[in-house]
Amino acid sequence: MKNRAIRRIVTSHLCLFLLSLTALAEEPVAPVERAQGEALTNRMDRWHEWVFEKLNGYTERTDNLFAQSGDEVKRVTNSTFSLDLDVELSEEGDPGFKFSPSLGADLYIPHIEHRLHLFIDNISPQELPDSDPMQRDKDLYVGARRAFDLRRIPIDMSAGIKWRWPPILYGEATLKKKFGGEHRDWMVYPKQGFFWFADDGFGTKSSLVLDKWYGDQFIARAVSGVKWTETTWGIEWSQSFTLGYIAQEEEDDVARGIGTRIVINGHKSGSGTVDKYRLELLTRTPLYKRWIYLSVTPRVEWTNDNDWDLSPSLLIAMNFLFWGGLDR
């Protein structure tokens, strides 16, 4: 009981702190405080530039390995890198929090860009849509991807390793298409994937995203997903419904917005079974320019394994983006 009370106090204070950030941003700033704030932002900008230059240096050296004799040496600044820090606070477990970092890199290698696209991320081909970020496979995937069209159907082919010891080879092929009405009032995104892992064998995953826009900022979304592998218990599936308000978009992603979502997960082996419900309040806002974002997600979950008892939690996520240029 004592630990539960402490976790509640920590959660409430953290929520008050996050809410105070917005209030402080609207208060008048004294000259001394403004100077201190400018010094802090300058340090943050220099840190962003230092991190990008360090990571991008490896990209440039990799690109030089594929250069031919006489090729012009060009400055490579189109790569992007990301770091996500997820923290979950809950009343279950001891301690009552979980920490889960994830990395991503979209590498621009000009000398092979017309043939292959290199990537590093924590996105598993086996993940169903809208899966819980705290329960996802956090292994690092390193590989190369090739995109092409087959009779006007975009296809992505990728292969690489799942980074653990010993490394696990894998391959993936994904067919996807986008359909939409005028002025994007509705959009449909079907996707079909096939994958293979050296340890778990073959599998397939299908998903369908339906978007309905009301004006330019309100959206209703339904996402369906189903997968089968040689190691799953029959067929696993997910279904989610989201209602949201998007105040700001960046690169086809939500930069500032609020919404609510319900996610249902289950499996089918003989008769169908629902395994879990999750209800979330989604919030996301930029904290600094276009490269630090904060997401705060209060949520409740009911699971079959827990006799459908209510399990509340708070998910806090910080997203850092690193790229070159002054538009950050």
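Structure data summary
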{"read-out": "Single unsatisfied condition, residue 199 versus (1) assigned to a strand (DSSP E or B); (2) modelled with pLDDT of 90 or more", "value": "(1)"}
{"read-out": "Residues that are over 16 Å from residue 261 (Cα atoms), of a type outside the set (S, T, N, Q) and within 21 Å of the chain's Cα centre (by Cα), drawn from region 195-232", "value": "195, 205, 208, 226, 227"}
{"read-out": "Near pairs, Cβ below 7 angstrom, 6+ apart or cross-chain, from region 198-221 (over 21 Å from residue 161 (Cβ atoms)) to any residue that is hydroxyl-bearing (Ser, Thr, Tyr) and in a strand (DSSP E or B)", "value": "207/224; 208/224; 209/189; 217/245; 218/245; 221/242"}
{"read-out": "Failed item in (1) under 25 Å from residue 156 (Cβ atoms); (2) in contact with a Ser or Thr (Cβ under 8 Å, 6 or more places away or on another chain), with residue 265 passing the rest", "value": "(1)"}
{"read-out": "Sole residue being part of a strand (DSSP E or B), touching a helix residue (DSSP H, G or I) at 6+ places or on another chain (Cβ under 9 Å), surrounded by fewer than 16 Cβ atoms within 10 Å (Cβ to Cβ) and of a type in the set (Ser, Thr, Tyr), chosen from 285, 260, 273", "value": "273"}
{"read-out": "Residue 70, sole failed condition from (1) at positive phi; (2) at pLDDT 90 or above", "value": "(2)"}
{"read-out": "Region 288-319: number of residues that are more than 19 Å from the chain's Cα centre (by Cα), outside any strand (DSSP E or B) and either under 16 Å from residue 257 (Cβ atoms) or free of Cβ contacts under 8 Å to residues at least 24 places away in the same chain (or both)", "value": "5"}
{"read-out": "Filter result (over 30 Å from residue 254 (Cβ atoms), small (Gly, Ala, Ser) and surrounded by 13 or more Cβ atoms within 10 Å (Cβ to Cβ)) within region 199-240", "value": "234"}
{"read-out": "Test: residue in region 84-94 that is modelled with pLDDT of 90 or more and more than 23 Å from the chain's Cα centre (by Cα)", "value": "no"}
{"read-out": "Within region 124-171, tally of residues that are closer than 18 Å to residue 105 by Cα and among the acidic types (Asp, Glu)", "value": "3"}
{"read-out": "Residue 237, sole failed condition from (1) without any contact (Cβ under 8 Å) to a residue 60 or more places away in the chain; (2) under 18 Å from residue 136 (Cα atoms); (3) in contact with a Leu (Cβ under 8 Å, 6 or more places away or on another chain)", "value": "(1)"}
{"read-out": "Residue 254 being surrounded by 15 or more Cβ atoms within 10 Å (Cβ to Cβ), touching a residue at least 40 places away in the same chain (Cβ under 8 Å) and among the β-branched types (Val, Ile, Thr)", "value": "no"}
{"read-out": "Qualifying residue in region 172-180 (condition: part of a strand (DSSP E or B), farther than 30 Å from residue 214 by Cβ and among the aromatic types (Phe, Trp, Tyr))", "value": "no"}
{"read-out": "Filter result (in contact with a Lys or Arg (Cβ under 7 Å, 6 or more places away or on another chain), within 26 Å of residue 236 (Cα to Cα) and surrounded by 18 or more Cβ atoms within 10 Å (Cβ to Cβ)) within region 288-328", "value": "299, 301, 313, 315"}
{"read-out": "Residues that are aliphatic (A, V, I, L, M), within 17 Å of residue 90 (Cβ to Cβ) and in contact with a Ser or Thr (Cβ under 9 Å, 6 or more places away or on another chain), drawn from region 268-318", "value": "279, 281, 296, 300, 314, 315, 316, 317"}
{"read-out": "Subset of region 113-137 [closer than 20 Å to residue 280 by Cβ and not aliphatic (A, V, I, L, M)]", "value": "127, 129, 130, 131, 132, 133, 135, 136"}
{"read-out": "Complete set of residues in region 274-287 that are aliphatic (A, V, I, L, M) and over 20 Å from residue 238 (Cα atoms)", "value": "287"}
{"read-out": "Unique residue being touching a Pro at 6+ places or on another chain (Cβ under 9 Å), surrounded by 13 or more Cβ atoms within 10 Å (Cβ to Cβ) and of a type in the set (Ser, Thr, Tyr) when the list is 131, 158", "value": "158"}
{"read-out": "Selected residue [at positive phi and in contact with a strand residue (DSSP E or B) (Cβ under 8 Å, 6 or more places away or on another chain)] from 130, 139, 149, 121", "value": "130"}
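The values are calculated or read from the model by the stated rules, or taken from the named source; none is laboratory data. Values in this document were obtained by computation on a predicted structure and should not be read as measured data. So basically every Cβ, Gly included, is an ideal-geometry build from the backbone, and we count neighbours across all protein chains shown.
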